[in-house]
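The values are calculated or read from the model by the stated rules, or taken from the named source; none is laboratory data. This structure is a prediction, so every number in the text was calculated from the model and none was measured. Backbone-built Cβ (ideal geometry, glycine too); neighbour counts: all protein chains shown.
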Amino acid sequence: MPTPEEVYTELRQVFDPEIPVNIVDLGLIYDVKVSDTQDVLITMTLTSQSCPEARTIPEVMKRRVNGMAKVTGTEVEIVWEPVWGPHLISEEGRKTLGIDEESEEE
C-alpha cells in the first residue's frame, strides 16, 4: 500500500504551468489520505478560484497518483478554506521564486 509520503513525492512532479514550483512546495496540497482499500484522497486548494488550470492540475494529479503501484483510485477535493496565500509556500519554493520572509511582510 502506498504511504501518504510516497503520494506527496509523486505530487512533487506536478506543476502549475504558470509557476516554476511544484504543487506541494507551492502549498496547494492540504492533506493526503490512503484508505485500507488503497484509494487516495487528496485535499487541495488553488491559488485563486479563477485559476485557469483548475481542471488540468487535478486531472494531472489523478493520472500520476493512479499510475502508482497498488493505488486503486484517486479523488481530489478542492477546498477554499483555508485560503491559499504565499505564506504556504515551502522554503524550497521560496528559494525558487526568489521570495524571502522580509519581502512577504512588506
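Candidates I29, I78: the one that is among the β-branched types (V, I, T), crowded, with 20+ Cβ neighbours inside 10 Å and at pLDDT 95 or above is I29.
Kindly evaluate P58 against the criterion of being of a type outside the set (D, E), touching a residue at least 40 places away in the same chain (Cβ under 8 Å), touching a strand residue (DSSP E or B) at 6+ places or on another chain (Cβ under 7 Å) and surrounded by 14 or more Cβ atoms within 10 Å (Cβ to Cβ). No, not satisfied.
Of the residues in the stretch 27-36, at least one is on the phi < 0 side of the Ramachandran plot, of a type in the set (G, A, S) and in contact with a strand residue (DSSP E or B) (Cβ under 9 Å, 6 or more places away or on another chain).
Considering only residues that are in contact (Cβ under 8 Å) with a residue 12 or more places away in the chain and buried (at least 16 other Cβ atoms within 10 Å of the Cβ), look in the stretch 81-95 and name the one that is farthest from Y8 (Cα to Cα). Ranking the qualifying residues of the stretch 81-95, first place goes to W84. Candidates are the residues of the stretch 42-73 that are polar (S, T, N, Q) and in a helix (DSSP H, G or I); the one that is modelled with the lowest pLDDT is T56.
Count of the stretch 8-41 residues, restricted to those that are of a type in the set (A, V, I, L, M) and part of a strand (DSSP E or B), is 5. Counting only residues that are without any contact (Cβ under 8 Å) to a residue 24 or more places away in the chain and either acidic (D, E) or closer than 20 Å to V79 by Cβ (or both), the stretch 1-21 holds 1 of them.
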